[in-house]
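Asker: Got a structure for you, questions after.
Every read-out reported here was derived from the displayed coordinates using simple, explicitly stated rules and does not represent laboratory data. Note that this is a predicted model, so its numbers are computed, not measured. FYI the Cβ positions are ideal-geometry reconstructions off the backbone, even for glycines, and counts take in every protein chain you see.
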């Protein structure tokens with residue numbers, strides 16, 4: 001028999017018993033849809049969780065000069081440029097302590113800085129430390145050379161500034177305009193307690209020497225440890241021992257553990273769903289063989305070979321499972337899309353789950369149809385017709 005004839009023969013049982021076929025396909029589709037849902041929804045939840053963990057700085061390192069040295073240790077002015085040459089590094093920026101004192105106005109105590117730090121900042125700092133502007137704007141090319149500042153959230157509170165426009169603040173003997181206020185920065189609490197001045201303005205107005213105090217580095221997570229190992233040597237080739245580099249965030253370990261746990265969960269849930277679907281197909285096909293003994297006997301009496309009988313029932317099983325797989329994949333994907341949208345999660349439907357939904361259904365059809373088709377082919381015409 002040609003494949004086309006075999007396919008048409010395999011559809012006979014589905015056409016003559018559409019109700020049973022529909023219910024069987026529904027059972028398979030529910031199993032496959034369950035597999036898509038139980039992998040897609042946790043995957044979307046995982047993506048949301050990993051996004052939150054990433055916001056905690058899982059790919060961020062900090063480097064600073066070793067404290068309490070005589071003479072004081074300094075990072076080279078070219079440190080940021082050298083760090084950016086490291087392959088896995090995606091971004092780097094820096095701040096520097098100007099050792100200036102900020103006051104609410106020129107009538108307050110000259111030595112009372114309210115526990116705040118005046119930092120010279122590079123323009124690319126915000127994205128590196130995942131900081132955001134709450135009011136106003138960040139320093140740019142037009143303002144970095146002028147007496148303008150951006151306040152950390154704690155600094156704004158201590159200076160009595162809650163929004164813009166704001167009164168001028170005094171740094172040293174120079175008045176500075178407040179052009180922005182930052183939101184709370186979980187990754188860098190020191191920035192919250194700081195007044196940020198443009199790098200050029202710090203040099204010209206506050207007599208800043210140009211040496212950074214703290215470097216913030218973002219790198220590809222898989223290579224974060226390798227970057228940490230070479231960071232001190234890259235920053236200060238002559239005196240790497242005078243550079244202190246933070247260890248990777250604890251959130252990185254939590255993120256990797258989360259990825260591993262979810263992967264195991266996906267496999268377990270998918271396996272259960274596929275087994276349930278396979279049992280449903282096998283049960284349907286066994287019952288079909290029992291109900292169609294007369295048809296099998298008649299075809300055998302008319303000269304159909306055992307191979308043709310096996311091919312008929314195996315094709316029917318595969319077609320039934322494939323229809324259920326396609327329907328289940330579509331249904332599961334729609335359910336995942338709806339739930340992810342409701343929870344405001346990023347939508348993630350693992351490609352392997354969608355492929356496994358259809359491919360797994362075909363494999364299920366083959367495996368579940370083996371026993372019924374072999375059983376049908378072993379019936380002799382007299383055995384099959386004996387119950388008619």
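Asker: As a test, work out the antiparallel percent of DSSP beta bridges whose residues both lie in the stretch 60-247, rounded to the nearest 5.
Answerer: Of all bridge pairs located within the stretch 60-247, approximately 75 percent are antiparallel.
Asker: Could you give the nm distance between label points at residue 107 and residue 70, where each point is 7 Å from its Cα heading toward the beta carbon?
Answerer: Simple spin-label model gives 4.3 nm for this pair.
Asker: How much of the DSSP beta bridge set in the stretch 134-233 is antiparallel, as a percent to the nearest 5?
Answerer: Of those bridges, close to 65 percent are antiparallel.
Asker: If I take R0 = 51 Å and measure r between the Cβ atoms of residue 82 and residue 47 in this structure, what FRET efficiency does the formula 1/(1 + (r/R0)^6) give, to the nearest 0.05? Present the calculation step by step, with values, prior to reporting the outcome.
Answerer: Working: r = 35 Å, r/R0 = 0.68.
About 0.90, to the nearest 0.05.
Asker: Can you tell me which of 172-179, 336-343, 305-312, 144-151 comes out highest on packing, and rank the rest after it, using the mean Cβ neighbours within 10 Å? Don't skip to the answer; put the middle values down first.
Answerer: Working: 172-179: 16.5, 336-343: 14.8, 305-312: 18.1, 144-151: 21.8.
Peptide ranking by packing, descending: 144-151, 305-312, 172-179, 336-343.
Asker: Note down the nm distance, to one decimal, between modelled labels 7 Å out along Cα→Cβ at residue 238 and at residue 221.
Answerer: Going by the 7 Å Cα→Cβ label model, 3.9 nm.
Asker: How much FRET efficiency would the formula 1/(1 + (r/R0)^6) give for residue 177 and residue 330, where r is the Cβ-Cβ distance and R0 is 51 Å, rounded to 0.05? Before the final figure, lay out each step's value.
Answerer: Values: r = 59 Å, r/R0 = 1.15.
The calculated FRET efficiency here is 0.30.
Asker: A further question follows. Please work out whether the stretch 57-138 counts as rounded, prolate or oblate from its C-alpha gyration tensor, where a ≥ b ≥ c are the square roots of the eigenvalues and a/c under 1.5 means rounded, while otherwise a/b larger than b/c means prolate and anything else oblate?
Answerer: oblate
Asker: Run the simple label-point estimate for residue 204 and residue 275 please: 7 Å along Cα→C-beta, distance reported in nm.
Answerer: A separation of 7.3 nm, rounded to one decimal place.
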